[in-house]
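Here the structure comes first, spelled out in structure tokens, and everything after it is commentary.
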Amino acid sequence: MTTAPATSLTLLCAEKRYDEIEEKWMAAVEQGYRDLEDYRRAALGLIEGGRGGTASALLGVLVDAMAGEDVDEERVRFAETAVRLGIIDSTVRSAASRIHAKAGETRLPALLKIVEEKDSETNRERVLKCVDFAPGSFVDGTERVGPERVVSFDESEGFTLDDGESPRVLTVEAAAAELTALSDDNFRALLRFDVDRLKQMAKDDPDGLVRCALAASNGRLEWPKLKKLMARGVVAPNQFSRWWNKAKGLVERDPMVQVYGDKEPILILRDDPISHEEEMQSRIERAESALEQVALVLEYLASVDQGHEADRAFLTNCAELLVTIANDATADDPVSLLAAAVHADVAERLGDDAPGGIDVAALVAREQLGTAPQVLSDEDQVRRALVWLKENGEEAWPAVYAQVLPTAPGRLPDLLARELLTAGKTELVVEVVQSILATPHRFGEGVFWLWKASSTGTLEELAFLDAGKVTLAMLRLMDSWARSAKSQVTKEQKALLTRMKSALSAGNFKTAKTVCEEANSALAVQLHGAVKDNQGITEVIRHQMTSALMKVHSDAIMGTRELWEEDDVIYVSPRGLKRREKEFEQIVNEDMVKNSAAIGHAADFGDLSENAEFTAALEQRDFL
């Protein structure tokens with residue numbers, strides 16, 4: 001095989017340089033150039049450009065030259081392709097037959113012989129369709145349910161087919177009328193005949209496997225249906241979620257697959273390919289808010305961090321968009337702050353070519369930056385924005401951190417508090433703590449943070465906090481939310497209430513019980529009152545905390561009582577106790593046994609409703 005032409009034949013057709021292609025094609029054939037895919041694409045380009053006759057003649061030259069060379073599977077398959085593309089050329093048919101005969105295959109010569117005998121173009125095309133039915137290939141018929149595999153071809157009898165249970169034989173004419181060729185990676189066919197190949201695809205090419213499943217499902221699959229298909233011996237049901245997490249990123253970037261939804265998406269096979277970047281650009285343009293646009297850029301960056309190659313042109317567009325949002329005075333201040341933070345990430349990836357122009361001084365001076373937890377959609381976004389502010393607003397960041405601290409979600413409060421304390425802004429942190437405890441109904445996240453910090457010691461700098469007092473504030477807040485009307489409690493408050501319950505229950509209630517046991521007597525009484533009828537905690541939490549309080553602080557809670565004032569105690573002498581024990585043994589071991597026998601004996605006398613002996617025996621049982 002020689003070196004490829006300076007300009008590929010496919011490119012010449014794509015650029016419609018039809019006058020040059022004949023000379024280039026002939027020279028390539030003579031020089032032994034055998035990139036058969038290049039020839040195939042060029043022939044298709046000629047046909048699409050209305051040059052079918054030229055394509056047929058050039059294919060004849062190539063296939064005739066190949067017929068005099070050593071044959072292999074690639075040449076055999078190309079000969080079949082050339083027949084389909086250049087059927088009007090007798091040289092193509094003759095040379096293709098010689099190639100098949102040299103390979104020991106009789107199917108194509110036999111089919112071409114039938115084609116020559118057919119005088120109707122329609123009949124010729126139907127017979128030619130059988131070129132696709134090579135032994136080992138998959139077909140779909142109308143007489144059997146599901147795909148079949150071509151077992152063999154006999155010149156006199158026709159095609160032998162197998163559906164996995166029983167074979168059948170079709171003549172060439174019958175096969176041409178009934179059968180449709182399936183691709184060699186057809187999901188339904190592989191599921192029936194070669195499930196091991198599907199298993200290997202699930203491991204090596206999950207994206208390709210999903211495409212196969214889509215093609216076999218009319219181009220549309222809902223997530224539960226995909227899971228059921230894979231459960232048919234391809235991916236074990238208990239491993240599907242892990243497999244899908246691996247496949248999802250690849251599928252989302254497949255130009256031929258459209259993914260709708262996140263957790264349980266709908267998958268659609270596209271007619272025309274759309275690159276991942278084109279799809280992301282379309283989503284950004286359709287976004288209803290600047291925050292949604294920034295979130296989509298973050299989504300793209302996350303996929304790049306997972307190993308996908310970034311598109312510089314798309315990243316440049318993203319950088320320009322982020323600059324616009326950061327400088328937009330009409331956008332929410334936290335959204336502009338987040339846009340600036342994400343722009344820094346994009347610019348680092350682009351290097352010196354990154355678009356700039358953010359007015360940093362104007363941005364860090366905005367007044368509403370402290371509303372970031374309410375405006376931005378998750379903890380990571382808030383963290384990104386605040387970290388960028390600290391790096392670029394030397395004087396502005398402490399005040400903003402203090403504003404954010406009471407409402408910051410998750411683990412963010414610890415980060416903010418440490419930054420402030422490290423910078424010597426202790427008075428700001430103390431003011432925030434006092435504000436949270438003074439108005440806990442305004443700062444639910446802050447109350448929860450103080451409880452974790454004070455009861456578990458995760459932040460040593462807040463050791464001055466009284467864990468019991470913080471617990472009391474949280475319990476009262478939980479009770480208040482639980483008793484409020486549903487319309488008065490936000491979705492975020494409901495979620496936080498659930499997290500508070502989980503925190504109190506964590507570690508077999510270890511932290512909650514420790515707080516109860518270590519509280520002073522006065523605080524223990526208050527905690528007992530807050531727990532007693534609290535609607536925001538579970539019955540198990542109430543029992544555990546009450547038991548812990550009573551274990552150490554029962555006198556403070558119940559008051560001091562003399563022994564004879566206890567309601568559940570009866571005082572008795574040793575001799576009296578022995579007499580009572582003897583009476584108890586007499587009743588249990590003798591009287592109740594005799595009574596049981598009497599009840600059984602009385603039941604033998606007939607109608608129980610008029611049986612005096614039976615009634616008397618029951619009365620005696622109740623007395624005992």
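For the stretch 158-176, taking the residues that are over 20 Å from Glu105 (Cβ atoms) and surrounded by 14 or more Cβ atoms within 10 Å (Cβ to Cβ), the one that is modelled with the highest pLDDT is identified as Arg168. With respect to the conditions (1) touching a strand residue (DSSP E or B) at 6+ places or on another chain (Cβ under 6 Å); (2) surrounded by 16 or more Cβ atoms within 10 Å (Cβ to Cβ), Val76 falls short on a single one, namely (1). Of the listed requirements (1) under 42 Å from the mean Cα position of the chain (by Cα); (2) open to solvent by 40 Å² or more (accessible area, probe 1.4 Å), Val525 misses just one: (1). Taken over the stretch 148-168, the criterion of being farther than 20 Å from Ala101 by Cα and of a type in the set (Gly, Ala, Ser) is satisfied by Gly164, Ser166. For the stretch 490-500, the criterion of being in contact (Cβ under 8 Å) with a residue 12 or more places away in the chain and part of a loop (DSSP other than H, G, I, E, B) is met by no residue.
For the stretch 348-400, which positions are closer than 30 Å to Ala310 by Cβ, β-branched (Val, Ile, Thr), open to solvent by 30 Å² or more (accessible area, probe 1.4 Å) and part of a helix (DSSP H, G or I)? Answer for the stretch 348-400, where residues must be closer than 30 Å to Ala310 by Cβ, β-branched (Val, Ile, Thr), open to solvent by 30 Å² or more (accessible area, probe 1.4 Å) and part of a helix (DSSP H, G or I): Val360, Val375, Val387.
Just checking, does the stretch 555-562 include any residue being surrounded by 11 or more Cβ atoms within 10 Å (Cβ to Cβ), part of a helix (DSSP H, G or I), at pLDDT 90 or above and touching a His at 6+ places or on another chain (Cβ under 8 Å)? No, because not a single residue in the stretch 555-562 is surrounded by 11 or more Cβ atoms within 10 Å (Cβ to Cβ), part of a helix (DSSP H, G or I), at pLDDT 90 or above and touching a His at 6+ places or on another chain (Cβ under 8 Å). Restricting the stretch 135-148 to residues that are closer than 15 Å to Ala176 by Cα and in contact with a helix residue (DSSP H, G or I) (Cβ under 7 Å, 6 or more places away or on another chain) leaves a set whose member that is surrounded by the fewest Cβ atoms within 10 Å (Cβ to Cβ) is Thr142. Against the numbered list (1) part of a helix (DSSP H, G or I); (2) polar (S, T, N, Q); (3) on the phi < 0 side of the Ramachandran plot; (4) open to solvent by 40 Å² or more (accessible area, probe 1.4 Å), Gln535 comes up short only at (1).
Within the stretch 483-499, one or more residues are over 22 Å from Gly446 (Cα atoms), open to solvent by less than 90 Å² (accessible area, probe 1.4 Å) and among the aliphatic types (A, V, I, L, M).
Scanning the stretch 115-134 for residues that are open to solvent by 30 Å² or more (accessible area, probe 1.4 Å) and modelled with pLDDT of 75 or more gives Lys129, Asp132. Name the single residue that is modelled with the lowest pLDDT among those in the stretch 303-347 being closer than 15 Å to Glu279 by Cβ, out of contact with any Lys or Arg (no Cβ under 8 Å at 6 or more places or on another chain) and open to solvent by 20 Å² or more (accessible area, probe 1.4 Å). In this case the residue turns out to be Asp311.
Of the strands (runs of 3 or more DSSP E) that lie entirely inside the stretch 68-186, those containing 1 or more residues that are within 40 Å of the chain's Cα centre (by Cα) span 138-140, 147-154, 158-162, 180-182.
Evaluating Glu517 against the criteria (1) open to solvent by 30 Å² or more (accessible area, probe 1.4 Å); (2) farther than 17 Å from Ser454 by Cβ leaves one unmet condition, (2). Of all residues in the stretch 427-450, those satisfying the criterion of being in contact (Cβ under 8 Å) with a residue 24 or more places away in the chain and either assigned to a loop (DSSP other than H, G, I, E, B) or open to solvent by 50 Å² or more (accessible area, probe 1.4 Å) (or both) are Glu431, Leu437, Pro440, His441, Arg442, Phe443.
Checked against (1) in a helix (DSSP H, G or I); (2) within 30 Å of Arg312 (Cβ to Cβ), Asp254 meets all criteria but (1). Residues in the stretch 21-35 that are part of a helix (DSSP H, G or I) and surrounded by 17 or more Cβ atoms within 10 Å (Cβ to Cβ): Ile21, Lys24, Trp25, Ala28, Val29. Does Thr471 fit the bill of being within 26 Å of Gln526 (Cβ to Cβ) and open to solvent by 30 Å² or more (accessible area, probe 1.4 Å)? No; evaluated as a whole, the condition is false for this residue. Within the stretch 93-114, residues that are open to solvent by less than 40 Å² (accessible area, probe 1.4 Å) have Cβ atoms under 9 Å from residues that are among the aromatic types (Phe, Trp, Tyr) and not in a helix (DSSP H, G or I) in these pairs: Arg107/Phe133; Arg107/Phe153; Arg107/Phe159; Ala110/Phe153; Leu111/Phe153, counting only partners at least 6 apart in sequence or on another chain.
Residue-wise test of (1) farther than 26 Å from Leu128 by Cβ; (2) in contact with a Ser or Thr (Cβ under 9 Å, 6 or more places away or on another chain); (3) of a type in the set (S, T, N, Q).
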| position | (1), (2), (3) |
| --- | --- |
| Ala27 | yes, no, no |
| Asp38 | no, yes, no |
| Ala43 | no, yes, no |
| Glu48 | no, no, no |
| Ala57 | no, yes, no |
| Val61 | no, yes, no |
| Ala79 | no, yes, no |
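Filtering the stretch 182-209 to residues that are open to solvent by less than 40 Å² (accessible area, probe 1.4 Å) and either closer than 14 Å to Asp140 by Cβ or not aliphatic (A, V, I, L, M) (or both) leaves Leu182, Asn186, Phe187, Ala189, Leu190, Leu191, Phe193, Pro206, Asp207, Gly208. Scan the stretch 508-516 and tell me whether some residue there is touching a helix residue (DSSP H, G or I) at 6+ places or on another chain (Cβ under 8 Å), of a type in the set (Lys, Arg) and over 16 Å from Met558 (Cα atoms). Within the stretch 508-516 (the criterion being touching a helix residue (DSSP H, G or I) at 6+ places or on another chain (Cβ under 8 Å), of a type in the set (Lys, Arg) and over 16 Å from Met558 (Cα atoms)), the answer is yes, since at least one residue qualifies.
The values are calculated or read from the model by the stated rules, or taken from the named source; none is laboratory data. This is a predicted model, so every value here is computed, not measured. With ideal geometry, Cβ positions are generated from the backbone for all residues, glycine too; neighbour counts draw on all protein chains shown. Heavy atoms of the whole protein, side chains included, go into the accessibility calculation; ligands, DNA and RNA do not. Shrake-Rupley method; radii C 1.70, N 1.55, O 1.52, S 1.80 Å.
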